[in-house]
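Input: a single structure, listed below in C-alpha cells.
The values are calculated or read from the model by the stated rules, or taken from the named source; none is laboratory data. Owing to the predicted nature of the structure, the values given are computational and were not obtained by experimental measurement. In this analysis, Cβ positions are derived from the backbone assuming ideal geometry, glycine residues included, and neighbour counts consider all displayed protein chains. The area values use the complete protein model at the heavy-atom level, side chains included, leaving out ligands, DNA and RNA. Shrake-Rupley method; radii C 1.70, N 1.55, O 1.52, S 1.80 Å.
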Amino acid sequence: MPTMRAIQFGKKSGPLELVERELPQPRRGEVRVKVQACGVCHSDVIAKEGLIPAVRYPIIPGHEIAGVIDAVGEGVIGWSVGTRVGVGWFGGHCGRCDPCRRGELVDCRNLRVPGITYDGGYAEAMLAPADALALIPDELSAVEAAPLLCAGVTTYNALRESGARPGDLVAILGIGGLGHLGVQFAAKMGFRTVAIARGTDKEPLAKQLGAHIYLNSQTQDVAAELNKLGGAKTILATVTSGKAMSAVIPGLGVRGKLVVVGVGSDPIEVSPFDLIGASRSVVGHASGASIDSQDTLAFSALSGVRPTIETMPLERAAEAFDKMMRNEARFRMVLTTGQ
Ligand SMILES: [Zn+2]
Ligand SMILES: [Zn+2]
C-alpha cells in the first residue's frame, strides 16, 4: 500500500505530529493533488482547537494548497493529471442549499473547507472535490501561489467587490499576512492607496509594496488624516483588533465602507452619528469561491503581486505554526514537500 507523509492534529488542542498515512484514492467527483506547497494560516487554529463542530480528529490542517493533479476520480470533467491547481478556504459546495441556488457559493450552508471539514494540505497529497480547484498560471511558483489561495483571494475579492473605482482613496489597515497583499492589490487595481500600521518600521515596506501614502496609527489621528485626503471610499480592515477598526470609521468618506476581513475577538464599536453622517457602512467579507481564487492567481501573475514568504519543509510544520501564532511570520509561512 503506497503511503505519504502528513502532519496532523491527533486530538483537540494536541500538538502537530508527523505521521505516515495511506495515500488516499480519489472518490467520485474528486481529484488527488500532489501537494508542493501549503501556507500556514491563522485559521488553522480552528482545526487545532476544534472551534467548529465539523472538525473530526485526527485532522490534517492546511487550506492554502498548491500542487499538481496526480489522480482523477470517476465523473470528473475538465481536470486532468498533470494540471497545476490550488485549493483554498473554499473546499466545495453542496449545490442544493438556498445560498448555493442563488449563486452565493462561499456562503453554502454545507461549505467544505480543507484542513477543517476534511484533510488538508499539510501532507504530500490531499483529495479535493473538483469544484474546489483553481488553475495556477505558469508565472507563479507553488510557494507563491499557496498564500494567494486564502490571504490573497480574501483581500483581492474584498477590494474588487467594495465598490471603489480606479483613482478612489482606499486604505489598508494593517500590514501583515493579509495587509501586505491588500496594499499590492489596491495599488495595482489603480486605487490611491493608503497603508496604515503602527510605528514607522513598516513605512518603507508599505511604499515598496505600492502604497502612495503611509499613516502611523501610533502618532497620527488616522481618521482626521483620511478626511484631509477627502475621506476613504474603502478601508480594508486586516488587523485583529476591533478597537483599531473602530478608530478609523470616521475616516470614511461619503458612502465609504469599512470592509472587515481580519478576525478579532473584541467588538467593533461605532457611534450612530458616524454611520449616519456620511451614509457610511461597516461590512464583512468572506473569502471567495474557487473561481475567485483563480481570478486572484491570474491577476497576480498579470500584475506582479507576490506574497512575501518564508518557507519551511513539511516536517517542520509545528515550528512554522508556532511562529505564525507568535505573529513573527514575515508575512506568510509556507510549508514545502520537496515534490
Ligand atoms: Zn486562511
Ligand atoms: Zn450549498
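Laid out as a table, the results:
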read-out	value
Inter-probe distance in nm under a simple model that places probes 7 Å from Cα toward Cβ, at ASP322 and ARG28	4.6 nm
Lysines whose Cα lies under 20 Å from that of LYS11, excluding same-chain neighbours fewer than 8 positions away	LYS48
Convex hull of Cα atoms in the chain, direction-averaged projection (nm²)	16.8 nm²
Cα-based shape type of region 179-232, given that a ≥ b ≥ c are square roots of the gyration tensor eigenvalues and the cut on a/c is 1.5	oblate
Top of THR311, THR193, THR154 by mean-square fluctuation, Gaussian network on the chain, Cα under 10 Å	THR311
Distance in nm between pseudo-label sites at VAL263 and GLU161 (7 Å out along the Cβ direction from Cα)	1.7 nm
Gap separating the Cα centres of region 91-147 and region 288-335, nearest whole Å	16 Å
Under 14 Å, Cβ to Cβ, from VAL55 - net charge with Lys/Arg +1 and Asp/Glu -1	+2
For SER13, net neighbour charge (Lys/Arg +1, Asp/Glu -1) across residues whose Cβ lies under 9 Å away	+2
Solvent-accessible area per residue, Å², over region 1-131 with all protein chains present [probe radius 1.4 Å]	45 Å²
For region 199-337: rounded, prolate or oblate by the Cα gyration tensor [a/c cutoff 1.5]	prolate
Karplus-derived HN-Hα couplings along region 58-72 (A = 6.51, B = -1.76, C = 1.60, θ = phi - 60°), whole Hz, x at Gly and Pro	x, 10, 8, x, x, 10, 10, 9, 10, x, 9, 5, 10, 7, 10
Distance in nm between pseudo-label sites at MET1 and SER303 (7 Å out along the Cβ direction from Cα)	4.7 nm
Anisotropy class of region 1-131 from Cα gyration tensor, a/c 1.5 cut	oblate
Cα Rg over Rh - region 104-191, Kirkwood	1.01
Within straight-line cross-link reach of LYS243, lysines at Cα separation under 23 Å, skipping those fewer than 8 residues along the same chain	LYS202, LYS228, LYS233, LYS257
Estimated [θ] at 222 nm from DSSP helical runs (n ≥ 4, -39500 (n - 2.57)) normalised by residues in the chain, nearest 500	-6500 deg cm²/dmol
